[in-house]
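Trainee: Okay, handing you the structure first.
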Amino acid sequence: MNLRRRFAAGALVGAALVGGVWWAFFRPPSQQGDVLTLYGNIDIREVQAAFNDSDVVARMLVQEGARLRKGDLIATLDDRRYAARLDQARRQADSLKAALDRLVHGSRPEEIAQAKATMEALRAVYENNKTLYDRTMRLLPRGAASTEDRDNALAQLNSSQKNYEAAVQAYILAVKGPRDEDIVAARNTYHAAEAAAALAEREFADTKLYAPSDGIVEARILEPGDMASPSAPVYTIALTDPLWVRAYVPETELGKVKLGMRATIHTDSVPGHAYHGWIGYLSPTAEFTPKTIESPELRTKLVYQLRVYVCDPDHDLRLGMPATVTIDLSQPRKAFRPDAASGCGAGDGAK
């Protein structure tokens, strides 16, 4: 008998809890005159902050409960490997930039003068060897020169002629400078190295993790010494902007509310204070209560999710906190349409 009583008592408690949850979300709204009252809970978005690279976590800079501003440094990786790669890429790019500049600037005046001097010196050697060869050919019929002398003179003449012609071409190249094709190839190689250096710089910057938005740290998931990766969250951050009340409006009342209408929000946690907000979202789809029944008699139980964005400058509101929303139905239907859900004006957040 005692066991049955305990079971019955437990069933009653469970039913009461279920009924309480149902009542919090789906109890009929109250309407007094031109004021519609809805009931819901504070809701926010969360973000799983993670590094964009993989390595060992070096530092974790914030704890749970810390309030963050967008851009705050919150964790770092061991960056030695990335720093070395960045230094290597920058030096490679600098070297290729110097090579490109050398080609673009062409030959220096000193190099042209040197090529010209070499050409003139080899021309003098060629002309002298030509004179010696001619003299040998005149002496050969008289027996004053041998066939070997002629062959040696001819070899010297041919060698000096080739050297002179090569010097002429070197001088012409020095005057013209590098080919356009060589400059284009060198420029492309330099740009590729520059892109590699930019990538290495981005990877080095990714060893630091910054807060993606204003918010509060809910969970610190990793610790120094853990291995981080893009798929491993480091922190869970609750975004404090935008902040809204998730409530439900019955299908019979749906036509009375429009996006942009002002609303007033009250909570039991801060009694006596009113938070100002506006309707920023109306669900395009309905939910049934109960969801398993769709008879004509119960179609009036259709509800639509509604979000009332709230201005909370003092950060009083917390995730899941019950809230009461009152909407003045006599206001113009487009009384307040901010550009974004977070568009609280200077006076909209006053309590």
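The values are calculated or read from the model by the stated rules, or taken from the named source; none is laboratory data. In this text the structure is predicted, and so the values were computed from the model without any measurement. Cβ coordinates were reconstructed from backbone atoms using ideal geometry, including for glycine residues, and neighbour counts include every protein chain displayed.
Trainee: Can you tell me which condition Phe204 does not meet? The list is (1) under 20 Å from the mean Cα position of the chain (by Cα); (2) assigned to a loop (DSSP other than H, G, I, E, B); (3) among the hydrophobic types (A, V, I, L, M, F, W, C), and all the others hold.
Mentor: (2)
Trainee: Right, here's the next one. Find all pairs meeting these conditions: Cβ atoms under 6 angstrom apart; at least six residues apart or on different chains; first residue within the stretch 160-174 and touching a residue at least 60 places away in the same chain (Cβ under 8 Å); second residue not charged (D, E, K, R).
Mentor: Taking only residues 6 or more apart or on different chains, the pairs are Ala174/Ser107; Ala174/Ile112; Ala174/Ala115.
Trainee: Return yes when Leu122 is of a type outside the set (Asp, Glu), farther than 25 Å from Glu201 by Cβ and part of a helix (DSSP H, G or I) and no when it is not.
Mentor: Here the answer is yes, as Leu122 does meet what is asked.
Trainee: Sticking with this one: Considering the stretch 314-328 alone, what residues qualify as being crowded, with 16+ Cβ neighbours inside 10 Å and either among the acidic types (Asp, Glu) or in a strand (DSSP E or B) (or both)?
Mentor: Ala323, Thr324, Val325, Thr326, Ile327
Trainee: Now for a different question. Among the residues of the stretch 39-47, is any closer than 30 Å to Val303 by Cβ, in a strand (DSSP E or B), in contact with a Ser or Thr (Cβ under 7 Å, 6 or more places away or on another chain) and not aliphatic (A, V, I, L, M)?
Mentor: Among the residues of the stretch 39-47, at least one is closer than 30 Å to Val303 by Cβ, in a strand (DSSP E or B), in contact with a Ser or Thr (Cβ under 7 Å, 6 or more places away or on another chain) and not aliphatic (A, V, I, L, M), which makes the answer yes.
Trainee: Looking only at the stretch 255-272, which residues are more than 37 Å from the chain's Cα centre (by Cα), of a type outside the set (Val, Ile, Thr), surrounded by 15 or more Cβ atoms within 10 Å (Cβ to Cβ) and part of a loop (DSSP other than H, G, I, E, B)?
Mentor: If the condition is that a residue be more than 37 Å from the chain's Cα centre (by Cα), of a type outside the set (Val, Ile, Thr), surrounded by 15 or more Cβ atoms within 10 Å (Cβ to Cβ) and part of a loop (DSSP other than H, G, I, E, B), then no residue fits.
Trainee: So, one more: Quickly run through the stretch 165-197 and pick out the residues that are surrounded by 14 or more Cβ atoms within 10 Å (Cβ to Cβ) and within 21 Å of the chain's Cα centre (by Cα).
Mentor: Those that are surrounded by 14 or more Cβ atoms within 10 Å (Cβ to Cβ) and within 21 Å of the chain's Cα centre (by Cα): Glu194, Ala196, Ala197.
Trainee: Quick check on the stretch 45-60: of everything there that is β-branched (Val, Ile, Thr) and surrounded by fewer than 18 Cβ atoms within 10 Å (Cβ to Cβ), which residue is farthest from His315 (Cα to Cα)?
Mentor: Val56
Trainee: What's the total number of residues in the stretch 236-254 that are in a loop (DSSP other than H, G, I, E, B) and buried (at least 16 other Cβ atoms within 10 Å of the Cβ)?
Mentor: Count: 1.
Trainee: Something else: What pairs come out if I take residues in the stretch 232-250 that are under 15 Å from Arg318 (Cα atoms) and acidic (Asp, Glu) and pair them with residues that are modelled with pLDDT under 95 and outside any strand (DSSP E or B) whose C-beta lies under 6 Å away, six or more apart or interchain?
Mentor: Asp241/Asp214; Asp241/Ser342
Trainee: Going by the conditions given, is Phe7 exposed (fewer than 11 other Cβ atoms within 10 Å of the Cβ), among the aromatic types (Phe, Trp, Tyr) and either farther than 30 Å from Val257 by Cβ or modelled with pLDDT of 95 or more (or both)?
Mentor: yes
Trainee: Same structure again: Has the stretch 113-127 got any residue that is touching a residue at least 24 places away in the same chain (Cβ under 8 Å), within 19 Å of Asp182 (Cβ to Cβ) and of a type outside the set (S, T, N, Q)?
Mentor: There is at least one residue in the stretch 113-127 that is touching a residue at least 24 places away in the same chain (Cβ under 8 Å), within 19 Å of Asp182 (Cβ to Cβ) and of a type outside the set (S, T, N, Q).
Trainee: Could you please let me know if Arg142 is over 60 Å from the mean Cα position of the chain (by Cα), charged (D, E, K, R), surrounded by fewer than 13 Cβ atoms within 10 Å (Cβ to Cβ) and more than 30 Å from Ala99 (Cβ to Cβ)?
Mentor: So Arg142 fits the description; yes.
Trainee: While we're looking at this one, here's another question. Filter the stretch 209-234 down to the residues that are out of contact with any His (no Cβ under 9 Å at 6 or more places or on another chain), part of a strand (DSSP E or B), over 13 Å from Asp55 (Cα atoms) and not charged (D, E, K, R) and list them by number.
Mentor: Tyr210, Gly215, Val217, Ala219
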